[in-house]
Amino acid sequence: MLIAFGFVSLFVVAQLYALLIKVYPIEYFVSGTGRGYLKFGLELTGLVLFVGLTLGLIHRIMHTEQEKVLVDMRLLLLLWLIVATGFMTEAFRFVTEPHDVFIQYSFMMAPLARWLGKFPWQWDVLYPSMWVIHVILIAFFFAVIPFTKFVHIFIAPIGRSITMGRDTSMLKREKIAEGLL
């Protein structure tokens with residue numbers, strides 16, 4: 001449930017972020033408080049997804065034999081890495097830009113960035129490198145979808161729409177009614 005809700009809500013907030021900041025820029029969202037709220041929403045929904053994926057990995061590891069057929073461990077691990085590198089990219093960005101006006105909306109990555117900033121590493125190299133790793137993992141995820149169980153989220157709705165006629169819902173209700181009688 002956390003994974004599904006995390007995916008859907010992260011997708012919605014990310015689309016709003018792109019729409020209101022990049023496509024149809026509105027000042028409130030470009031440089032105002034609205035951008036902070038969108039960033040908070042991205043971090044919160046990412047956290048929900050991350051917790052769900054972490055629990056999914058733990059469950060899959062604990063119940064290896066029963067879940068082997070149902071849960072694709074490689075896909076789950078890939079998604080976990082995508083979310084983790086996304087968080088790390090944001091934390092590294094905050095280390096390189098400690099005076100970002102929207103850092104106050106980050107409840108998780110800002111404290112991590114303050115802690116990481118104590119290390120004398122080359123953050124100006126690490127931040128873009130982490131961003132590239134994050135983007136490569138996302139591209140790889142989309143490339144492997146046809147070869148994983150995840151393809152069903154695209155194929156099932158298409159198959160349903162092709163096989164369902166106009167009277168399908170009425171026939172289903174009649175069959176259910178007959179079963180109740």
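Would you list the membrane-span-like helices of the chain, meaning whole DSSP H runs whose alpha-carbon atoms span at least 27 Å along their axis and whose mean Kyte-Doolittle value is at least -0.5? Flagged H segments are 33-62, 73-96, 123-144. For the chain, carbon and sulfur atoms together expose 73% of the accessible surface, with a 1.4 angstrom probe and every protein chain in place.
Of all stretches in the chain that contain no trypsin sites (Lys or Arg not before Pro) in a DSSP loop with at most 13 other Cβ atoms within 10 Å, the longest one is 1-67. Using a Gaussian network model of the chain in which every pair of alpha carbons under 10 angstrom is joined by a spring, one finds that among T45, T64, T54 the greatest mean-square fluctuation is at T64. Shown are E27, E97, E90, whose ranking by accessible area with a 1.4 Å probe and every protein chain present, most to least, is E27, E97, E90.
For the chain, what is the accessible area per residue in Å² when the probe is 1.4 Å? Don't jump to the answer; show the numbers that get you there.
Numbers: 12230 Å² over 181 residues.
Per-residue value: 68 Å².
Summing +1 for each Lys or Arg and -1 for each Asp or Glu among the other residues whose beta-carbon sits under 15 angstrom from that of Y105 gives 0. In summary, the lysines within cross-link reach of K22, defined as a Cα separation below 25 angstrom excluding same-chain residues under 8 places away, comprise K39.
Taking Lys and Arg as +1 and Asp and Glu as -1, the other residues whose beta-carbon sits under 15 Å from that of G41 total 0. A prolate overall shape is assigned to region 1-54, the ratio a/c of its alpha-carbon gyration tensor axes (a ≥ b ≥ c) being 1.5 or greater and a/b exceeding b/c.
Based solely on its DSSP helices, what 222 nm [θ] is calculated for the chain when runs of n ≥ 4 H residues each add -39,500 (n - 2.57) and the sum is averaged over all residues, nearest 500 deg cm²/dmol? Display every interim value, and only then the final one.
Values: 9 runs with 134 residues, N = 181.
Helix contribution divided over all residues of the chain: -24000 deg cm²/dmol.
Against the criterion of solvent-accessible heavy-atom surface with a 1.4 angstrom probe, F94, F50, F87, F154 sort, most first, into F154, F50, F87, F94. Pick from A113, A143, A91 the residue whose mean-square fluctuation is largest in a GNM of the chain, springs joining Cα atoms under 10 Å. Of the options given, A143 has the highest mean-square fluctuation.
Separation of region 34-102 and region 1-32, taken as the distance between their Cα centroids, equals 17 angstrom.
Local charge for F150 was computed over the other residues whose Cβ lies under 13 Å away, with Lys and Arg +1 and Asp and Glu -1, and equals +1.
Rounded, prolate or oblate: which fits the chain, taking a ≥ b ≥ c as square roots of the Cα gyration tensor eigenvalues, rounded meaning a/c under 1.5, else prolate when a/b beats b/c?
Details: a/c = 2.54, a/b = 1.71, b/c = 1.49.
Taking the square roots of the gyration eigenvalues as a ≥ b ≥ c, the chain is prolate.
Heavy-atom accessible area with a 1.4 Å probe sorts I138, I26, largest first, into I26, I138.
The values are calculated or read from the model by the stated rules, or taken from the named source; none is laboratory data. These numbers were taken from a predicted model, which means no experiment stands behind them. Methodologically, a virtual Cβ is constructed for each residue, glycine included, from the backbone with ideal geometry; neighbour enumeration extends over all protein chains shown. We work out accessible area using only protein heavy atoms, side chains counted, and drop any ligands, DNA or RNA first. Shrake-Rupley method; radii C 1.70, N 1.55, O 1.52, S 1.80 Å.
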